[in-house]
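Novice: Just dropping this structure here.
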Amino acid sequence: MPDYHRLDISYTLKGKDKPNKKWFGEWNFSIYNAYGRKNAWAINFVQDEDNPNETYAEKIYLFSIIPSVTYNFHFKNI
């Protein structure tokens, strides 16, 4: 397998913690594989149709850049 590397970035925006609320929330914004590198997920070995004595490796890529937004909430211990 070839070298695999990626850069994931995440930023969390926390809500204000109010004393009378029983919970608080936060938003999380993320980017998976921020610079879009094509990482091989699998390699298949395929026989050449024109020359049955030759086999070549075929790389399969899964994803490129994937954005994500998440909202989390936490309950306070009272």
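The values are calculated or read from the model by the stated rules, or taken from the named source; none is laboratory data. In this text the structure is predicted, and so the values were computed from the model without any measurement. A quick note on method: Cβ atoms are made from the backbone with ideal geometry, for glycine too, and the neighbour counts reach across all protein chains shown. Accessible surface is based on the protein model in full, side chains and every heavy atom, while ligands, DNA and RNA are left aside. Shrake-Rupley method; radii C 1.70, N 1.55, O 1.52, S 1.80 Å.
Novice: Quick one: net charge around His74, please, counting Lys, Arg +1 and Asp, Glu -1 for every other residue with C-beta under 14 Å from its C-beta.
Specialist: Once all neighbours under 14 Å are counted, the net charge is +4.
Novice: Moving on. I want the local charge near Asn39. Using Cβ-Cβ distances under 12 Å, sum +1 for each Lys or Arg and -1 for each Asp or Glu among the other residues.
Specialist: +3
Novice: Mind giving me the FRET efficiency for Ile65 and Lys21? R0 is 30 Å, r the Cβ-Cβ distance, nearest 0.05 is fine.
Specialist: The computed FRET efficiency comes out at 0.25.
Novice: Summing +1 for each Lys or Arg and -1 for each Asp or Glu, what net charge is found among the other residues whose Cβ lies under 15 Å from the Cβ of Lys22?
Specialist: +3
Novice: How big is the accessible area of Ile9 in square angstrom, nearest 10, if you roll a 1.4 angstrom probe over the protein chains?
Specialist: 80
Novice: Under a 1.4 Å probe, what is the accessible area of the chain per residue, stated in Å²?
Specialist: 88
Novice: Same structure again: Would you mind telling me the share, in percent, of accessible area of the chain contributed by carbon and sulfur at probe 1.4 angstrom?
Specialist: 55
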